[in-house]
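Chemist: This is the structure, below, for whatever I ask next.
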Amino acid sequence: MRKLAVIAFFISVLFTYPQGLLAMEVGGQVDILWSGVFQGGGHFDGELTESLELELFLPPLASSEVRYGFLVTKPLQGLLRDNEASYFTKKLYIKHRFEHFHLTLGRQPISWSFGSLLNPVDYTLGAVALDEESSSKYTDALEIYIPVNWNSGVDMVVSFPGGFDPAFNQLKWGARGRFGIKGFDVTFNYVQEPSSTGAGRGDSTGTLGLASSFPSVLFPRHRVGATLKGDIGGFGVYGSVGRYFEEGMQSSTSYLVGADCSYDVDYFTKITMQAEYLGLQPDSLDADLKASLLKMNPSDTRLDLLLGRVSYPLDEFASISLLAVVNANDGSLVVGPSYQGVLPYNLELTLGGIVAIGREDTLFAPGGLIPRAAVSLGLSYAF
């Protein structure tokens, strides 16, 4: 079904852009990633994954533009070894700019990020977390954007997490208003998740997929949120508040505050730092779910997470960074150092690791879904 839709899309583009196809450009990125996980008992699992991401850049036609981009994972291993390559459409949409609003229809990225490490009031929870994307950021949707002025506007989204397929019968929608008020960027949003919890609700693949599907299934379907971002002195400050509710369930609340800044060591070196606090009152979860999923004590009514990141450039081609997430309730934490450098021939090298530290029955206790440690080594080539 998806392949037929892609073929039909290109046929329509062929007739719409008879001469413009000659000016079409292609960009993308090739990635090779080796990752390893240390589990209990000295057990180690390693995996090598290659991926190819391509995007076609078609010239605009009057006030319309078309975008198509996709990701193929393990294409070589699918050809040479007993592995199955996977294909994922990231973009397949048409956008038209009318006089008073913009309309976008098709598979498109939707995220209401505002610079935080975690975003408890995003359109899809977990779509972007710790600067990493999950596939749930890309969804089949119709979006209408109404610009008010250069820093204000209104977004209205109707999406189908299971795809444009009547068999799933899922409808999700939301709206967000963004306004510039006295130097601050302020937003208000509302999201209603689908009524069913079947396939297509969130993303259930991978580590980030767990983060995005878990809140959508267990938390109330309705949520309202507000964010604020601006500058105070030499600091960039931001925050959000969210309320999650549904008839017949208790409501839950989230609070987030954060700040980022930079420090000039010398003329060429600048250290950047970011820290934030996320408080979650998961009152919609019963005591058993709180204990099993969030490792909360019966007396705890709130989960308190502290996050921090610091980056230091070694030179103009390389940098190191450190990310930490701490559960202030039980003292468990996850620490992730990383190195990023540019090699000759436009190659980018990344080296990263994650270490989980915590006692048994704490949120980040090693074991189960959380490994004791993980390492990764990647090479990327963008073109």
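Chemist: Would you point out which residue out of V121, V72, V128 is over 16 Å from G174 (Cα atoms), at pLDDT 95 or above and open to solvent by less than 60 Å² (accessible area, probe 1.4 Å)?
Modeler: Details: V121 fails: over 16 Å from G174 (Cα atoms); V128 fails: at pLDDT 95 or above.
Answer to the selection: V72.
Chemist: Let me ask something additional. For the range 131-166, which positions are among the aromatic types (F, W, Y) and either open to solvent by 40 Å² or more (accessible area, probe 1.4 Å) or at pLDDT below 95 (or both)? Can you show your working first?
Modeler: If we filter the range 131-166 for residues that are among the aromatic types (F, W, Y), which is where we start, we get 138, 145, 150, 160, 164.
Once the filter is applied, which keeps residues that are among the aromatic types (F, W, Y) and either open to solvent by 40 Å² or more (accessible area, probe 1.4 Å) or at pLDDT below 95 (or both), the range 131-166 yields Y145, W150, F160, F164.
Chemist: Got at least one residue in the range 285-306 being open to solvent by less than 50 Å² (accessible area, probe 1.4 Å) and in contact with a Cys (Cβ under 9 Å, 6 or more places away or on another chain)?
Modeler: No, every residue in the range 285-306 fails to be open to solvent by less than 50 Å² (accessible area, probe 1.4 Å) and in contact with a Cys (Cβ under 9 Å, 6 or more places away or on another chain).
Chemist: How many of the residues in the range 211-240 are among the charged types (D, E, K, R) and either surrounded by fewer than 16 Cβ atoms within 10 Å (Cβ to Cβ) or at pLDDT below 90 (or both)? Walk me through how you get there before you give the answer.
Modeler: From the range 211-240, those among the charged types (D, E, K, R) are 221, 223, 229, 231; that's our starting set.
Those left that are additionally either surrounded by fewer than 16 Cβ atoms within 10 Å (Cβ to Cβ) or at pLDDT below 90 (or both): 231.
Number satisfying all stated conditions: 1.
Chemist: When the residues of the range 239-287 are filtered to those that are in contact (Cβ under 8 Å) with a residue 60 or more places away in the chain and among the small types (G, A, S), which remaining residue is farthest from Y312 (Cα to Cα)?
Modeler: Once the filter is applied, the top-ranked residue is S284.
Chemist: Is it the case, given these coordinates, that S319 is of a type in the set (S, T, N, Q), without any contact (Cβ under 8 Å) to a residue 24 or more places away in the chain and either open to solvent by 50 Å² or more (accessible area, probe 1.4 Å) or assigned to a strand (DSSP E or B) (or both)?
Modeler: Details: of a type in the set (S, T, N, Q): yes; without any contact (Cβ under 8 Å) to a residue 24 or more places away in the chain: yes; either open to solvent by 50 Å² or more (accessible area, probe 1.4 Å) or assigned to a strand (DSSP E or B) (or both): yes.
Considered against the rule, which asks whether it is of a type in the set (S, T, N, Q), without any contact (Cβ under 8 Å) to a residue 24 or more places away in the chain and either open to solvent by 50 Å² or more (accessible area, probe 1.4 Å) or assigned to a strand (DSSP E or B) (or both), S319 comes out as yes.
Chemist: So, one more: For residues that are of a type in the set (D, E) and assigned to a loop (DSSP other than H, G, I, E, B), scanning just the range 331-378, find the one that is least open to solvent (accessible area, probe 1.4 Å).
Modeler: This residue is D361.
Chemist: I've got another one for you. Kindly indicate the residue of the range 177-195 that is within 19 Å of the chain's Cα centre (by Cα) and among the polar types (S, T, N, Q) and also surrounded by the fewest Cβ atoms within 10 Å (Cβ to Cβ) among those meeting that condition.
Modeler: The qualifying residue surrounded by the fewest Cβ atoms within 10 Å (Cβ to Cβ) is Q192.
Chemist: Would the range 140-162 turn up any residue that is touching a residue at least 24 places away in the same chain (Cβ under 8 Å), part of a strand (DSSP E or B) and within 10 Å of the chain's Cα centre (by Cα)?
Modeler: Within the range 140-162 (the criterion being touching a residue at least 24 places away in the same chain (Cβ under 8 Å), part of a strand (DSSP E or B) and within 10 Å of the chain's Cα centre (by Cα)), the answer is no, since none of the residues qualifies.
The values are calculated or read from the model by the stated rules, or taken from the named source; none is laboratory data. Because the structure is predicted, anything quoted here is derived from the model rather than measured. As a convention, Cβ positions derive from the backbone with ideal geometry for all residues, glycine included, and neighbour counts pool all protein chains shown. Calculation scope for accessible area: heavy atoms of the full protein, side chains included, ligands and nucleic acids excluded. Shrake-Rupley method; radii C 1.70, N 1.55, O 1.52, S 1.80 Å.
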